[in-house]
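Scroll down for the structure; my scribbles are underneath it.
The values are calculated or read from the model by the stated rules, or taken from the named source; none is laboratory data. This structure is a prediction, so every number in the text was calculated from the model and none was measured. Here Cβ is always computed from backbone atoms with ideal geometry, including for glycine, and neighbour counts include all displayed protein chains. These accessible areas exclude ligands, DNA and RNA; they are computed on the full protein's heavy atoms, side chains included. Shrake-Rupley method; radii C 1.70, N 1.55, O 1.52, S 1.80 Å.
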2 protein chains.
Amino acid sequence: MSFKTDIQIAREAKKLPIQEIGAKLNIPTEHLLPFGHDKAKVSQDFVASARAAKRGKLILVTAINPTPAGEGKTTTTVGLGDGLCAIGKRAAICIREASLGPNFGMKGGAAGGGMAQVVPMEDMNLHFTGDFHAITSAHNLLSAMIDNHIYWGNALEIDERRIVWRRVMDMNDRALRDTVVSLGGVSNGFPRQTGFDITVASEVMAILCLAADLDDLQNRLGDIVVAYTREKKAITCRDIGAEGAMTVLLKDAMQPNLVQTLENNPAFVHGGPFANIAHGCNSVVATQTALGLADYVVTEAGFGADLGAEKFFDIKCRKAGLAPSVAVIVATVRAMKMNGGVAKADLGSENVSAVQKGCPNLGRHIENVKGFGVPVVVAINHFHSDTDAEVAAVKAYVAEQGAEAILCRHWAEGSKGVTALATRVAELADADQAQFAPLYPDDMPLFEKMQTIARRIYRADDVLADDKIRAQLKEWEAAGYGNLPICMAKTQYSFTTDPTRRGAPTGHSVPVREVRLSAGAGFIVAICGEIMTMPGLPRKPAAESIRFNEEGLIEGLF
Amino acid sequence: MSFKTDIQIAREAKKLPIQEIGAKLNIPTEHLLPFGHDKAKVSQDFVASARAAKRGKLILVTAINPTPAGEGKTTTTVGLGDGLCAIGKRAAICIREASLGPNFGMKGGAAGGGMAQVVPMEDMNLHFTGDFHAITSAHNLLSAMIDNHIYWGNALEIDERRIVWRRVMDMNDRALRDTVVSLGGVSNGFPRQTGFDITVASEVMAILCLAADLDDLQNRLGDIVVAYTREKKAITCRDIGAEGAMTVLLKDAMQPNLVQTLENNPAFVHGGPFANIAHGCNSVVATQTALGLADYVVTEAGFGADLGAEKFFDIKCRKAGLAPSVAVIVATVRAMKMNGGVAKADLGSENVSAVQKGCPNLGRHIENVKGFGVPVVVAINHFHSDTDAEVAAVKAYVAEQGAEAILCRHWAEGSKGVTALATRVAELADADQAQFAPLYPDDMPLFEKMQTIARRIYRADDVLADDKIRAQLKEWEAAGYGNLPICMAKTQYSFTTDPTRRGAPTGHSVPVREVRLSAGAGFIVAICGEIMTMPGLPRKPAAESIRFNEEGLIEGLF
C-alpha cells in the first residue's frame, strides 16, 4: 500500500477563499481581516457579538496517554468536525497554533493528518498570522522595562536576585537557557543571571488563551508577578507600567484566526500554550466565538486526558464558564498494544491479548472523564494494520466500561469515514446529558487541590512535597491566590510521574519538585519532574534540509 | 493657529480598500495578498513580471543634514508622490518600514506628516505585515545553529572567541547588548560572551533590502561571514547550512507591502535597514516593482544627502542597476537658520541673515548630488512661521548654485500644495538629463574608496585609520571582497564626524575606528565614531503611557 504524505495532500487541497469559509458561519466579509487569501482574523467587534449568541455545543477531543505509535487526536478533531458538517450539522473546529522554533529541530507538524487536515499547512508551520511574534514582543517589552526600571534608579526596590520574569524567543536555542545580561559597564545596567524560554512557555501565551477580551487581557497582564523585593513583596507588571503597551502589542493576536479543513469547513486555529507548565488548549476567545457561530464546536486538549482534559475542565472551562456536552477519547489499536507491552517494531502483527492488556489505560481515562459529568465516546482511529479481532477487543472492553467505541476512518477517507462517530456525538450533545462540574472547588486549599488531582485522576496514593513547597503555597494563599486552580506539569506518557509506566498503574506517589505562580494566567503550576522550557536543536537539525526546491516548493519542513 | 496632530489626521483618512489601490497600478486582486483591508503584499510572481517592465523614472528625495528643527524628508516624499498623481501622472512612492522597538522608548513616528502621510499609521508602527519579525527569526535561527554546531562537536572548528554573528531583537533592551550565553552546564553548551542588536541592524535586513529575488536572497544569506577559525578562515552561513531555512522564513517578507497615502495613492513600504551600519533605503524589490508599475517612483534615503544619498547611489543603485532621474533635496527655513547658528527656541523670529549663513550646508549637498550626474531640485518644506523674505533668501541662494528651489505646502495642503514641485520634477525626469554614475569604480582599493567619499562628499582632508584597519582591508581584498562598496557609519548631523559642526565645514579628517565585513549584504562598513546597535529605553519610556483609551483608540504611541 502506498500513501500520499500529509504535505502532498495539503498542497492538493482545493481551498476556498477564506471569505466563503467565513460565510458558512455568517461572518460578514468586513469582519474578516484577511491574511492572504486563505487565512483571516475575525474582528474584535464581531467576536464580541458572536460570543453573546452562545448557540453551540462544545465537544472535547482528548486521548489515552500518548505512545510512540501516535493516537491521532488532532486528526480526529478535524475528522469529527468534517464528519459533523457532512451529516448536515453546522460545525466548526478549534485547535492550537504551532510553535515556529521546533520546526527547525525536528520536522514540522501537520494540523491533523491524511484526509483530515487543516490548511494552509506551510503557513501554519511558519509565521501564520504573527500571533506568536506578537506574544514574543509583548513578553520581551516587559523584560526590557524591568531592567530599564532598575537602570534608572529602581524606585520599586526590586531585588535583582528575585526577578522571575525571563525573556522568550520562538526558537530552539539551548545557548539562551541560562545567560548573564547587562555586562559591559555602567551604560548597560547591572549584570545579573537570567535566561530565555521558548515563546509558547510564556505566561503571556497562557494569558492570551484565557483572556475574555482586551480589558481582561490587560488586567491579567497587569497581574503578572515579575519580581520580588528583598522583603519578598511581589512586584507586578502593573507596577512596571507595561500592561497597556503589551495589550496594544497583542490587539491583533487576540483576534481568532480562521482557516479551513481539506473539506472546506471552518477551523479556528488560535493560541498554543505549553501543555505542561500551562493548560495546553486553544484560546477561550476562539472557542467562544465558534460557539456563537456554530451548533457544534469540536476542540482538543493537549497530551492525554489525565493532563489535557483535566486542565481543559479545571482551568479553561472553569474560568471561561464553558460547559462541554460530550468528550471523545481517541484510542488506537496500536497504542493499546504498546500499553499492553508490545514494542513499536512489533505493532504490525495481530495481538489481541496485548490489546486487551493495554485497554485499562483507556478504561481509566473513560472513568476519569465521566467523573467530570461529561458523556464519553471512544473514537478508534483506524490504522491500516488493525485487524477486525483487535478492533472488536477494544469495542468489547469499552462496552464493559459503559461507553461506546466507534471505528473511524477519517485519516484515509475524510468525513465519510467518520459519520458514525459524528452522528453519535451529535445525538449525545443534543440529548443534553452532560452535568459538567470541575474536579474541586475554588476554595479548596492549594495543596488539597493537588492531592485531589493526584488521587482522583492519577490514582496516586499521595502528593509528596517538602515543607518549603507547602510553605510557599500557604504564602500564596495568604496573598490571595488560594482560589486559583492547579496546573500540573508532569510527564504525558503515564498516569504516574514515571514516563515508562504505561497502562493503569496504582501504588505510586506524585512528587512535586517546585511550584510556580502564574498570577496573570490564573493558576499555580505544580512541577513534577524535569520540565524543559527552552528546547535545543538536534545534531542534524531539520533547518539544514529546509529550502525551496526547483519547483519553488518548500522542502524539509515536513 | 491650531493644528490636528498627525495621528488625528491619519485616523480621519478615508482609506480605500487595498485592492482599489492595487488596481491603480494594474495589480490583479489575486496577486495582492491582503493583510486586513488596508495593507497587502504583492505576490512574488507578480513582482517578477512587474520588474521586467521597467517603465518608471526614479526620483530620490534626500535632504540637508538633519537638525532638531526637522526637515520633513518623508513628508516631502509622500507629498511629491501625491503631487505627481494630482497633476495626472501615474506615480508611486517607496519608503521604509518602521522598527517596533524604538516606539516604546520615544513616541512612534508617522510615515510623513500633516496632510502628506501614509496610512494605516498604527499598524505601520506596530507589527505591520510581520516582515521584521521574520527577519528576527531568520537571524536568530542562524545564531542558534552556530551554537548548535559547536555543541555537537564543532566539525567546522569555529573559534568560539571569533564568532561575529550576534542575536537580534526588535526591542530597545540595553541589558542584551553584552551577555554571556550557554551557562548552566554541559547540556547548555560552551559559555561565551556575545550580545544582541536591534533587528534593523541585522545584516539579514540589509540583505533582504538589496536582494533581487529569493534565489539572490539565499545566495547572499549563504555568503554571510558568521565566525572565523583559529587560523582566521572565514566560516559562512552556508557552511552552517542555514541559508535555505532562512530563505523559507523570509519568503513572505521578501514580498513588498502596498499601502496608501491620505490621498489614496499607492505607497510601497518595505524594508528598513539602519542608515549607519547599513545603507538606509527601502528594498530593491519594492523599488523595482514600483518602477515596473508606475511612471514615476518617488523614494527616499536615510539621514542627509552626505550619508543617505551617497549610499543610495553607491550601494543600492550600483548594485541593483538603478538609474535615478532626479534628486529632490529637502530643506527648511528653520533648518537653514539652525545651520546658521540660531537656537531651536529662537526659530520663530525672522532672521534672514541666519538663513543665508546656513545655506552653504544645502549648497554643498546640491553640488555633491549633481556630482553623481543627477539633476537636483530643492524642495523648501514650508513651516507656518517662515517669512517671505526668508524663503526668498533660500531661493536666491539655490539659484546661485545653478538649481531651483520650490516652496512646498504639502504638510498643510496635501497635493495641491506641491504641484509646482511635482510639475518641475516630472519635467526634469521626462527630459532624461541624468547621467548617473557612482562615485568610485568597483575595482578601486577599499581604503581609496573611503578616501574618495571623505574627500569628495565630506570635503575632508583625509581618512585616518591605524595599521590594523588598513591590514584588515588588505586581507579582505585578498579574500575577494575588494570590489565591495563602502558603507560609511558616521554622525548624520554634520559633514564631519563631529555632530556639532553644522554648515559646510572644511579642514577636518575622518577617523575610521573599525571596519566590518557585511559579505552577504555586499559592503564594507567603515565605522567613524560611536555607533549604537542596541538602543536603550529612556527614564520614562513611552511604553508606560501606551494603552487603549475608553474609546478603544491607542494612546501614547504617537
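Observations on the model:
- Residue-level accessible surface for B:R51, protein heavy atoms, 1.4 Å, Å²: 50 Å²
- Taking the 1.4 Å solvent-accessible surface of the range B:150-300 as the whole, the part contributed by carbon and sulfur is 47%.
- Accessible area per residue in Å² at 1.4 Å probe, computed on the range B:277-393: 23 Å²
- Delta accessible area of at least 20 Å² on complex formation, residues of the range A:24-39, 1.4 Å probe, chain isolated as reference: A:L33, A:P34, A:F35, A:G36, A:H37
- Averaged over the residues of A:179-192, the number of partner chain Cβ atoms lying within 10 Å of the residue Cβ comes to 6.
- Cα→Cβ-extended label distance, 7 Å offset, between B:R501 and B:K416, nm: 4.7 nm
- Near the amide H of A:A111, within less than 5 Å, lie the amide hydrogens of A:V118, all on another chain or at least 5 residues away, with H placed in the peptide plane.
- Inter-copy label distances at B:D213 (7 Å, Cα→Cβ; nm, one decimal): 5.0
- Relative contact order computed over chain A (Cα-Cα under 8 Å; 6+ residues apart), in percent: 21 percent
- Distant-in-sequence amide H partners of A:F35 (H built 1.01 Å from N, under 5 Å): A:A40, A:K41, B:G36
- At least 30 Å² of accessible area lost relative to the chain alone, listed for the range A:524-558 with a 1.4 Å probe: A:L537, A:R539, A:A543, A:E544, A:I546, A:R547, A:F548
- Each residue of the range A:217-222 is assigned a 3J(HN,Hα), and the resulting list reads 4, 5, 4, 5, 4, x Hz, derived from the Karplus form 6.51 cos²θ - 1.76 cosθ + 1.60 (θ = phi - 60°), x at Gly and Pro.
- Per residue, in Å², the accessible surface of the range B:409-558 once ligands and nucleic acids are set aside, probe 1.4 Å: 46 Å²
- Local electrostatic count at A:L291 - Lys and Arg +1, Asp and Glu -1, tallied over other residues with Cβ under 11 Å: +3
- In the protein assembly as shown, the calculated helix contribution to ellipticity at 222 nm averages -9500 deg cm²/dmol per residue, counting -39,500 (n - 2.57) for every DSSP H run with n ≥ 4.
- Assigned charges on the beta-carbon of Lys, Arg, Asp, Glu; the range B:457-558 dipole about Cα centre (debye): 200 debye
- Note on A:F3 and B:K14: their simple-model spin labels are 5.7 nm apart, each label 7 Å out from Cα toward Cβ.
- Peptide B:164-172 has a mean shielding of 3, counted as Cβ atoms of other protein chains within 10 Å of each residue's Cβ.
- Accessible area per residue, Å², the range A:1-93 with all protein chains present, probe 1.4 Å: 40 Å²
- Estimated FRET transfer efficiency when R0 is 45 angstrom, pair A:A343-A:T423 (beta carbons, to 0.05): 0.75
- Just the protein heavy atoms count here, and of the accessible area of the range B:498-554 at 1.4 Å, carbon and sulfur take up 47 percent.
- For the range A:134-279, DSSP calls about 80 percent of its internal beta bridges antiparallel.
- Exposure ranking of A:H382, A:H365 by accessible area [1.4 Å probe, largest first]: A:H382, A:H365
- In the B-A interface, the accessible area buried, summed over both sides, Å² (probe 1.4 Å): 5600 Å²
- In this assembly of identical copies, the label point of A:K232 (Cα plus 7 Å along Cα-to-Cβ) is separated from its counterparts by 5.7 nm, sorted shortest first.
- Distances between placed amide hydrogens fall under 5 Å for A:M488 paired with A:A526, all partners being 5 or more residues away or on another chain.
- Ranked by how many other beta carbons lie within 10 Å on average, peptides B:3-14, A:393-404, B:165-176 from highest: B:165-176, A:393-404, B:3-14
- Per principal axis, descending, Cα span of the range B:148-276 in whole Å: 59, 34, 27
- Using a 7 Å Cα-to-Cβ projection, B:E550 label spacings across copies, nm, ascending: 6.7
- For the range B:415-552, the fraction of alpha-carbon pairs in successive 10 Å shells from zero, as %: 10, 27, 22, 22, 14, 4, 0
- Counted residue by residue at 0.36 nm each, then reduced by the alpha carbon distance between them, the extension gain from A:Q193 to A:E477 reaches 99.3 nm.
- Taken one residue at a time, the phi angles of the range B:450-458 give Karplus couplings (6.51, -1.76, 1.60, θ = phi - 60°) of 4, 5, 4, 4, 5, 7, 7, 9, 7 Hz. Gly and Pro are set to x.
- Net charge, B:I524 excluded, C-beta distance under 13 Å - Lys, Arg +1, Asp, Glu -1: -2
- Minimum 40 Å² accessible area buried by the other protein chains, the range A:202-246 residues, probe 1.4 Å, relative to alone: A:A245
- Ellipsoid semi-axes for the range A:122-187, based on the Cα gyration tensor and the rule √(5λ), read 29, 14, 10 Å when sorted largest first.
- The range B:305-402 has equivalent-ellipsoid semi-axes of 28, 13, 11 Å, by the square roots of 5 times the alpha carbon gyration tensor eigenvalues, sorted largest first.
- Stokes-Einstein diffusion for the protein assembly as shown, with the hydrodynamic radius set to the Kirkwood value over Cα pairs and evaluated at 20 °C in a medium of 1.002 mPa s, equals 69 µm²/s.
- Portion, in percent, of the accessible area of the range B:20-92 that falls on carbon or sulfur, probe 1.4 Å: 51 percent
- Cβ-based charge dipole, the range B:370-431, positive-most Cα from B:Y397, B:T419, B:H382: B:T419
- With R₀ fixed at 51 Å, the C-beta to C-beta distance from A:E555 to B:K395 puts the FRET efficiency at about 0.25.
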